[in-house]
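Here the structure is laid out as structure tokens; the discussion comes afterwards.
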Ligand SMILES: Cc1cc2nc3c(=O)[nH]c(=O)nc-3n(C[C@H](O)[C@H](O)[C@H](O)COP(=O)(O)OP(=O)(O)OC[C@H]3O[C@@H](n4cnc5c(N)ncnc54)[C@H](O)[C@@H]3O)c2cc1C
């Protein structure tokens with residue numbers, strides 16, 4: 001249903017004006033097919049799935065899109081090699097299939113093939129472990145093929161010599177280096193940008209996407225929605241309610257039992273590792289399936305992660321890395337580097353909580369990453385667990401369950417064939433080849449770069465930062481950013497390094513101020 005008076009209805013444009021119109025339209029007619037709670041990758045995926053089936057869908061997010069775990073990931077679209085190593089074939093296969101869908105159809109513009117390189121340093125990787133890793137890599141290659149992902153998208157496993165290893169990761173220790181094993185996985189330019197693309201595509205298919213709206217008193221047939229900007233509330237009636245609130249799922253539905261696990265990354269300048277173009281993969285001493293990765297990122301940084309720590313107790317808005325985690329990450333990666341990184345090299349650090357289902361006992365690292373769709377005694381349908389890579393499948397399962405249990409109308413799921421906004425094949429996308437636009441802008445906006453260009457100047461928001469003024473404007477006019485924090489911390493990721501955010505803040509605040517006063 002198209003709310004009257006909404007100037008952007010039917011488009012993928014989210015802004016404060018649309019939000020106000022949508023809230024008014026809901027107050028006038030609060031009966032919908034599906035209420036989705038949570039604007040992380042899972043909830044945004046559910047909203048897209050439901051809206052594209054023709055269901056009248058409302059997504060509410062209490063803070064901002066990608067406010068929770070979905071912005072703290074390793075940004076890998078992975079084929080589940082780690083799950084293969086521990087015998088969890090179904091999880092590994094599902095990951096490989098969904099990785100292929102993302103990289104070839106739904107979001108090729110936001111993903112790229114990332115070489116993962118295990119350096120063959122005898123004191124780091126013994127002959128036995130090298131054989132195991134090689135076997136695992138080849139098994140991963142079989143998964144890729146059976147998932148139908150071509151080698152042109154994700155190249156085959158290979159062994160490279162020491163020279164080539166040094167070219168890919170110049171910072172690697174060279175003494176005794178016998179080359180490296182290389183496998184490819186997918187990498188997102190940024191996780192929060194995937195969430196924004198999903199939410200905007202959902203809006204284009206008719207979903208109402210509301211940030212700064214919290215769901216309270218949730219039942220299987222509705223909830224009280226509170227606009228956290230005004231304090232006003234409205235009662236919504238829904239055919240079904242899907243709880244996609246990640247580590248907050250047990251607060252919305254107390255019948256859910258979670259066991260959050262913290263994962264931490266630290267950020268260093270790419271220059272500190274010689275500007276690597278592959279992910280350095282370092283085995284964690286004493287484990288056959290755990291590695292620390294040094295992952296090249298946008299904005300000239302390398303992210304080093306990650307940990308897996310039990311994180312009981314209240315869920316903080318922004319989880320904080322512990323000192324011990326930083327020491328562990330530096331010590332592990334330093335074993336493979338020519339020049340050890342020190343605390344002085346650390347430009348930023350972030351932590352996120354995995355929404356794992358409590359299965360009792362064991363380490364959090366051993367808890368299954370499979371997702372679950374559960375119906376609570378009061379009829380709320382919760383979708384939880386899983387991972388970023390498998391969001392689409394999680395959404396499909398959750399909406400199938402809602403449709404099955406509540407007899408909702410609508411067609412079958414078709415999101416595996418539905419390009420997200422900015423992807424090639426999407427109706428608003430323009431070809432990016434020969435556009436002459438900066439590579440970083442294209443990597444973040446794909447086929448919508450022309451819209452960004454029309455929004456403002458291509459000059460950097462502050463000297464030395466690879467984010468343009470046009471992107472800041474576009475974040476407010478098209479991507480639903482409501483304040484400077486939305487822009488710094490989620491639409492761009494300047495907030496990951498405090499120094500970058502501080503340099504950009506004044507100019508960002510000015511732009512946001514001008515646009516939101518208008
Ligand atoms: C350190 C780390 C690294 C990871 N790396 C990867 C990776 O490389 N690849 C991969 O595939 N997966 C990875 N994952 C897993 C993946 O990030 C998560 O599974 C996924 O992001 C969870 O998304 P979500 O939407 O379920 O939860 P969230 O992103 O947390 O979203 C939940 C949202 O619900 C909102 N909310 C809560 N309560 C309410 C309410 N009452 N009303 C309205 N809104 C509410 C919150 O504000 C939040 O935005 C990683 C996880 C971690 C922790």
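For (1) within 23 Å of the chain's Cα centre (by Cα); (2) over 28 Å from residue 230 (Cα atoms); (3) within 13 Å of the ligand (Cβ to nearest atom), each residue gets a yes or a no:
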position	(1), (2), (3)
15	yes, no, no
45	yes, no, yes
59	yes, no, yes
95	yes, yes, yes
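Taking the numbered list (1) more than 20 Å from residue 407 (Cβ to Cβ); (2) part of a loop (DSSP other than H, G, I, E, B); (3) more than 12 Å from the chain's Cα centre (by Cα); (4) more than 6 Å from the ligand (Cβ to nearest atom) in turn, residue 63 passes all entries but (4). Just one of (1) assigned to a helix (DSSP H, G or I); (2) under 18 Å from residue 335 (Cβ atoms); (3) in contact with a helix residue (DSSP H, G or I) (Cβ under 9 Å, 6 or more places away or on another chain) fails for residue 166. It is (3). Please indicate, with yes or no, whether at least one residue in the stretch 8-18 is in contact (Cβ under 8 Å) with a residue 40 or more places away in the chain, part of a helix (DSSP H, G or I) and farther than 23 Å from residue 451 by Cβ. No.
What tally of residues in the stretch 219-235 results from selecting those that are within 12 Å of the ligand (Cβ to nearest atom) and surrounded by fewer than 23 Cβ atoms within 10 Å (Cβ to Cβ)? Don't jump to the end; show me each part of the working.
Just the residues of the stretch 219-235 that are within 12 Å of the ligand (Cβ to nearest atom), to begin with: 223-228.
From what's left, surrounded by fewer than 23 Cβ atoms within 10 Å (Cβ to Cβ): 224, 226-228.
Final tally of qualifying residues: 4.
Filtering the stretch 199-218 to residues that are within 28 Å of residue 303 (Cβ to Cβ) and within 10 Å of the ligand (Cβ to nearest atom) leaves only 211.
Go through 250, 269 for me and flag whichever is without any contact (Cβ under 8 Å) to a residue 60 or more places away in the chain, within 25 Å of the chain's Cα centre (by Cα), on the phi < 0 side of the Ramachandran plot and more than 9 Å from the ligand (Cβ to nearest atom). Just one listed residue meets the conditions, 250.
One line per residue, one yes/no per condition, for (1) more than 30 Å from residue 426 (Cβ to Cβ); (2) at pLDDT 95 or above:
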| position | (1), (2) |
| --- | --- |
| 94 | no, no |
| 103 | no, yes |
| 109 | no, yes |
| 120 | yes, yes |
| 124 | yes, no |
| 130 | yes, no |
| 139 | yes, no |
| 144 | no, yes |
| 151 | no, yes |
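Consider residue 73 carefully, then state whether it is assigned to a loop (DSSP other than H, G, I, E, B), under 22 Å from residue 45 (Cβ atoms) and within 13 Å of the ligand (Cβ to nearest atom).
So residue 73 fits the description; yes.
Scan the stretch 395-405 and give yes if some residue there is within 16 Å of the ligand (Cβ to nearest atom), touching a residue at least 24 places away in the same chain (Cβ under 8 Å) and part of a strand (DSSP E or B), otherwise no. For the stretch 395-405, residues within 16 Å of the ligand (Cβ to nearest atom), touching a residue at least 24 places away in the same chain (Cβ under 8 Å) and part of a strand (DSSP E or B): absent.
The values are calculated or read from the model by the stated rules, or taken from the named source; none is laboratory data. Remember, it's a predicted structure, so these values are computed and weren't measured experimentally. Cβ sites come from the backbone with ideal geometry, for glycine too, and all protein chains shown count toward neighbours.
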